[in-house]
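The values are calculated or read from the model by the stated rules, or taken from the named source; none is laboratory data. Remember, predicted model here, so these are calculated numbers, not experimental data. Cβ: placed from backbone, ideal geometry, glycine included. Neighbour counts: every protein chain shown. Quick note on the areas: whole protein, heavy atoms, side chains included, nothing else; ligands and nucleic acids left out. Shrake-Rupley method; radii C 1.70, N 1.55, O 1.52, S 1.80 Å.
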Amino acid sequence: MTLKIIAKMSKYEAKEYISKNIQDPFIKNLMEKHYIEGISWSKVASNLGGNNTSDSIKAMCVRYIKKHCQ
């Protein structure tokens, strides 16, 4: 599974996938904000604060999926 595939899912399918497959609450929150609520990666990063960028949080999600959802 990749982020591109999740992006092509309906909001319902994405919500189902995320709730069943993403166990880490932090990553789950990031993915729900982007894929279900429709918030851009840069807005999600901005809401987190710190030195987070859209690229860094997207990379966190990619690493999590590669490690836990293959």
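State which residue pairs qualify: first residue closer than 16 Å to ASN29 by Cα and inside segment 43-70, second residue open to solvent by less than 100 Å² (accessible area, probe 1.4 Å) and in a loop (DSSP other than H, G, I, E, B) in any location, beta carbons under 6 Å apart, and separation of 6 or more residues or different chains.
From residues that are closer than 16 Å to ASN29 by Cα, the pairs are ALA45/ASN52; ALA45/THR53; ILE65/MET1.
What about ASN21, is it touching a residue at least 24 places away in the same chain (Cβ under 8 Å) and not charged (D, E, K, R)?
yes
So, in segment 1-25, exactly how many residues are hydroxyl-bearing (Ser, Thr, Tyr) and open to solvent by 100 Å² or more (accessible area, probe 1.4 Å)?
1
Every residue, every condition in (1) assigned to a helix (DSSP H, G or I); (2) among the charged types (D, E, K, R), yes or no:
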{"residue": "LYS4", "(1), (2)": "yes, yes"}
{"residue": "TYR12", "(1), (2)": "yes, no"}
{"residue": "PHE26", "(1), (2)": "yes, no"}
{"residue": "MET31", "(1), (2)": "yes, no"}
{"residue": "GLY38", "(1), (2)": "no, no"}
{"residue": "SER42", "(1), (2)": "yes, no"}
{"residue": "ALA45", "(1), (2)": "yes, no"}
{"residue": "ALA59", "(1), (2)": "yes, no"}
{"residue": "TYR64", "(1), (2)": "yes, no"}
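Give the residue that is farthest from GLU37 (Cα to Cα), with candidates limited to residues of segment 14-24 that are of a type in the set (D, E, K, R) and part of a helix (DSSP H, G or I).
My answer is LYS20.
Taking segment 38-65, which residues are open to solvent by 60 Å² or more (accessible area, probe 1.4 Å) and over 11 Å from the mean Cα position of the chain (by Cα)?
Selection gives SER42, LYS43, SER46, ASN47, LEU48, GLY50, ASN51, THR53, ASP55.
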